[in-house]
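Trainee: Can you keep this structure in mind? I'll have questions shortly.
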Amino acid sequence: MKREEGFKPKITVIVPTYNEAKLIEKKLDDIYAQEYPRDRLEVILIDSASSDGTLEIAEKWKEEHGEINLKIIEEDSRRGKAHSLNEALKHSTGEVVVITDADSFCGTRDSLRRAAEWFSDPSVGAVSCLKDPEGSEAPSIELGYRGYYNVLRVAESKAYSTPIFHGELASFRKDLLEEAEGFPVDIGSDDSHTATKIAAMGYRAIMPEDVLCKELVPKRGYNSWKIRRAQHLVQHFMKAMKLKVKAPKNFDRILKVEEYLHLVNPWILLGGAVLLSASAIMGSLISLIFLALGIALLMYKPYRTWISMQLYLVIAAIKNLWSREIVWEKQEK
C-alpha cells in the first residue's frame, strides 16, 4: 500500500451514546485534542434516549467548544448501536466516517490523522485500530489475550485484510459504507461485519500498527462482558459465510481460518476434554496423564488465555440460541 503522509480527507466522527454521563466529557475532550484540521473534522453524537444526563453534558460541552463542528442527535428510544450508526450516517458529510465508542480513547494525539492517511491508497476501504485494555481492573488474562490478538490482526492486514474490527476506532470510506448498506442491525458485531463486506468487495480492511486506542474494561462482570463479545463474533462469522463466495482469494483464506477458530475449534477442545475425562474414568492411564498435563499447563498464561477464550466461545454459541444481546445492560467501566 502507498500511504501519503499529510493526506487529510474530511472526516465525520460518530459517537453513539447511552447513559455515558461519567465518560462523555472526557470522550469529547479526547476527540478535541486530536491533531486534525478543524475545518476537515465533523463530530456527530447520537444518543439513544439516555436517562443520566448524557445529553445535557454534551450540550454544555458544545457551547464551550464552538470552534468544533459538533452535531447532537437524540433518539426517542434505544434500538441498538447499529441502528444509531445508520441514523447518524444520514447526517454525515465526511469522505471518511469514523465510529468510536464513548468508553474508549485514542492512544496518541494523532490517531485520527494516522488512520486517515491510509485512505490515500485507493485500495484501502476501511481502517481500524489496535487496542490495549486500560485500568488496574484489567485481568492479566485480558492483557495476554490482547497482545496475541493484536499481532494476529496486523498479520491478517498485511496478508490482505482482517475480518475483525474494533469499535474503539473503525473508519470507512463513506461511499463504500453506503454501497454496503450501512451497518447490520441483526447482529452485534456491526463494525467487523461491515469491514468484512467491504473487504469482500475487493478493498483492503486493515489494522495498522501505528493506530492505537485504549479500551476500558468493566469493573464488574468481566466474564459476562467477554461472553457478550464472543456472542457477537460468533454471529458475525456465521453471517460472513455467505460472503466467501465473492471474496478475493487472499481474503477467502483468512475468512476460512477465522471461521474455523471461532465456530469449530472451541467444540473440538470441549469434545476432546469430555472424551479424555470419560477415558480416564474408565481407567486409561494415558488419558489421565493428558488431563493432568492440561490442568498443570493452566499455570502458563498463554495456554490459560487460549483455554479461557475457547470456553467463552462455546458459552456464547449456546447463549445465542435464545439471546443475541443486540441491546445489552450497561456495565460500569
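Trainee: Any idea which residue in the stretch 167-204 is nearest to Ile227 (Cα to Cα), counting only those that are of a type in the set (S, T, N, Q) and touching a strand residue (DSSP E or B) at 6+ places or on another chain (Cβ under 9 Å)?
Mentor: Ser192
Trainee: Can you tell me how many residues within the stretch 138-164 are of a type outside the set (Phe, Trp, Tyr), open to solvent by 30 Å² or more (accessible area, probe 1.4 Å) and within 17 Å of Thr305 (Cα to Cα)?
Mentor: So the answer is 6.
Trainee: Here is a check on your reading of the model: is Ile289 over 21 Å from the mean Cα position of the chain (by Cα), under 26 Å from His193 (Cα atoms) and either of a type in the set (A, V, I, L, M) or assigned to a helix (DSSP H, G or I) (or both)?
Mentor: The answer is no for Ile289.
Trainee: On to the next question. Under 6 Å by Cβ, and 6 or more places apart or on different chains, what pairs join a residue from the stretch 68-80 that is buried (at least 16 other Cβ atoms within 10 Å of the Cβ) and part of a strand (DSSP E or B) with one that is among the basic types (Lys, Arg) and modelled with pLDDT of 95 or more?
Mentor: Note: pairs meeting the criteria are Leu70/Lys62.
Trainee: Anything in the stretch 111-132 that is open to solvent by 20 Å² or more (accessible area, probe 1.4 Å) and farther than 15 Å from Lys158 by Cα? List them, or say none.
Mentor: Listed by number, the residues that qualify are Arg113, Arg114, Ser120, Pro122, Asp132.
Trainee: On to the next question. With respect to the numbered conditions (1) without any contact (Cβ under 8 Å) to a residue 12 or more places away in the chain; (2) at positive phi, which one is the sole condition not fulfilled by Gly182?
Mentor: The one condition Gly182 does not meet is (1).
Trainee: Could you list all residues from the stretch 1-37 that are part of a helix (DSSP H, G or I) and in contact with a helix residue (DSSP H, G or I) (Cβ under 7 Å, 6 or more places away or on another chain)?
Mentor: Ile24, Glu25, Leu28
Trainee: Among the residues of the stretch 279-314, how many are open to solvent by less than 80 Å² (accessible area, probe 1.4 Å), under 25 Å from His236 (Cβ atoms) and of a type in the set (A, V, I, L, M, F, W, C)?
Mentor: 4
Trainee: Assess whether Ala88 counts as being part of a helix (DSSP H, G or I), closer than 16 Å to Ala170 by Cβ and of a type in the set (A, V, I, L, M, F, W, C).
Mentor: yes
Trainee: Looking at Glu87, Glu75, Glu95, Glu25, can you tell me which residue is charged (D, E, K, R), out of contact with any Cys (no Cβ under 8 Å at 6 or more places or on another chain) and farther than 25 Å from Ala195 by Cβ?
Mentor: Going through Glu87, Glu75, Glu95, Glu25 in turn, the sole match is Glu25.
Trainee: Working only within the stretch 315-329, note down all residues that are surrounded by 12 or more Cβ atoms within 10 Å (Cβ to Cβ) and more than 18 Å from Trp267 (Cα to Cα).
Mentor: Residues satisfying the conditions are Arg324, Glu325, Ile326, Val327, Trp328.
The values are calculated or read from the model by the stated rules, or taken from the named source; none is laboratory data. Since we're looking at a predicted model, the values are computed, not measured. Cβ atoms come from the backbone with ideal geometry, glycine included; neighbour counts cover every protein chain shown. Calculation scope for accessible area: heavy atoms of the full protein, side chains included, ligands and nucleic acids excluded. Shrake-Rupley method; radii C 1.70, N 1.55, O 1.52, S 1.80 Å.
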